[in-house]
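Student: There's a structure below that I have some questions on.
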Amino acid sequence: NAGVTQTPKFRILKIGQSMTLQCTQDMNHNYMYWYRQDPGMGLKLIYYSVGAGITDKGEVPNGYNVSRSTTEDFPLRLELAAPSQTSVYFCASRGPAEQGSGGYTFGSGTRLTVV
Amino acid sequence: QQQVKQSPQSLIVQKGGISIINCAYENTAFDYFPWYQQFPGKGPALLIAIRPDVSEKKEGRFTISFNKSAKQFSLHIMDSQPGDSATYFCAAYFSGTYKYIFGTGTRLKVLA
């Protein structure tokens, strides 16, 4: 099993450009998440989804958009990139285990630099 | 109330020593507490987890100690090895929220 696959692994954007970070999972997980990781700041939740067609904002959603048309895919869209969006982005998924058990499966991340 | 406070930010331990990382929370509704391990260039991976009805859980060299009354939990790494050098995150979850709250992470370095 591939688990959670993120593409691209690295990307440099110019201020004002847009891009989509791709995330796909092959575990038939209902729950999917996007986090950003900044040095010393831990993991901040951007958006999450509890199933196809259902998304909700996390702690830091401004400047981002998501969609969930299928169970497998959960792309993150950056519109009008800003230097503050320079970060490492992680996608994660989780199965339907009770009370949160089983943990997240994370992708390997996308390192984004906005210049 | 949704925060999980993690300390220390960084930790250096000699090979064979004990590494201890602490986390504290406020929200008593949290009912699941996992620890994640992250190596450079990789995503975090689930290491060990505990529920509040248990005071301690051990898996190999890794132990979670949980103090419900103090609203604190900690990760102990016994006989620490250079291969344990990584960033460790604690997290908390309560049913119905669908998501974990993460601590800020601890960068552990084990000296050979």
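Student: Would you check if B:Ile21 is out of contact with any Cys (no Cβ under 9 Å at 6 or more places or on another chain), more than 9 Å from chain A (Cβ to nearest Cβ) and modelled with pLDDT of 90 or more?
Tutor: For B:Ile21, the condition - out of contact with any Cys (no Cβ under 9 Å at 6 or more places or on another chain), more than 9 Å from chain A (Cβ to nearest Cβ) and modelled with pLDDT of 90 or more - is not met.
Student: Kindly indicate whether B:Ser80 is in a loop (DSSP other than H, G, I, E, B), touching a residue at least 12 places away in the same chain (Cβ under 8 Å) and away from chain A (no Cβ under 14 Å).
Tutor: So B:Ser80 passes the test.
Student: Something else: Are any residues in segment B:1-17 of a type outside the set (S, T, N, Q) and in a strand (DSSP E or B), and if so, which ones?
Tutor: Passing the criteria: B:Val4, B:Lys5, B:Leu11, B:Ile12, B:Val13.
Student: Another one. Out of B:Gly96, B:Gly83, I need the residue that is more than 16 Å from the chain's Cα centre (by Cα) and at positive phi. Which one?
Tutor: None of the other options fit; the residue is B:Gly96.
Student: Can you give me the number of residues within segment B:24-45 that are crowded, with 17+ Cβ neighbours inside 10 Å, more than 11 Å from chain A (Cβ to nearest Cβ) and assigned to a loop (DSSP other than H, G, I, E, B)?
Tutor: Residues in segment B:24-45 being crowded, with 17+ Cβ neighbours inside 10 Å, more than 11 Å from chain A (Cβ to nearest Cβ) and assigned to a loop (DSSP other than H, G, I, E, B): 0 in total.
Student: Please work out which one of (1) free of Cβ contacts under 8 Å to residues at least 24 places away in the same chain; (2) closer than 13 Å to B:Pro34 by Cβ is the condition B:Cys90 fails and give its number.
Tutor: The failed condition is (1).
Student: Within the bounds of segment A:50-61, is there any residue that is touching a Pro at 6+ places or on another chain (Cβ under 9 Å) and either within 8 Å of chain B (Cβ to nearest Cβ) or assigned to a helix (DSSP H, G or I) (or both)?
Tutor: Within segment A:50-61 (the criterion being touching a Pro at 6+ places or on another chain (Cβ under 9 Å) and either within 8 Å of chain B (Cβ to nearest Cβ) or assigned to a helix (DSSP H, G or I) (or both)), the answer is no, since none of the residues qualifies.
Student: Exactly one of (1) farther than 28 Å from B:Pro52 by Cα; (2) not in a strand (DSSP E or B) is unmet by A:Gly103. Its number?
Tutor: With (1) farther than 28 Å from B:Pro52 by Cα; (2) not in a strand (DSSP E or B) applied to A:Gly103, the lone miss is (1).
Student: Taking into account only those residues within segment A:35-48 that are assigned to a strand (DSSP E or B), at the interface with chain B (Cβ under 9 Å from one of its Cβ atoms) and over 14 Å from B:Ala91 (Cα atoms), which is nearest to the chain's Cα centre (by Cα)?
Tutor: Going through the qualifying residues, I end up with A:Tyr48.
Student: Among the candidates B:Tyr100, B:Tyr88, which residue alone is of a type in the set (Phe, Trp, Tyr), surrounded by 19 or more Cβ atoms within 10 Å (Cβ to Cβ) and at pLDDT below 95?
Tutor: The unique qualifying residue is B:Tyr100.
Student: Here's another thing I want to ask about it. Return yes when B:Thr63 is part of a strand (DSSP E or B) and either over 26 Å from A:Asp38 (Cα atoms) or of a type in the set (Asp, Glu) (or both) and no when it is not.
Tutor: yes
Student: Next question. Which one of the conditions (1) among the hydrophobic types (A, V, I, L, M, F, W, C); (2) in a loop (DSSP other than H, G, I, E, B); (3) more than 13 Å from chain A (Cβ to nearest Cβ); (4) under 21 Å from A:Tyr104 (Cα atoms) does B:Ala70 fail to meet, given that it meets all the rest?
Tutor: All conditions are met except number (4).
Student: Can you name the number of the only condition in (1) over 10 Å from the mean Cα position of the chain (by Cα); (2) without any contact (Cβ under 8 Å) to a residue 60 or more places away in the chain that B:Ile18 fails?
Tutor: (2)
Student: Quick one: would you say B:Asp53 is over 12 Å from the mean Cα position of the chain (by Cα), within 27 Å of B:Gly96 (Cα to Cα) and surrounded by fewer than 12 Cβ atoms within 10 Å (Cβ to Cβ)?
Tutor: yes
The values are calculated or read from the model by the stated rules, or taken from the named source; none is laboratory data. Please read these numbers as outputs of a predicted model, since none were measured by experiment. Methodologically, a virtual Cβ is constructed for each residue, glycine included, from the backbone with ideal geometry; neighbour enumeration extends over all protein chains shown.
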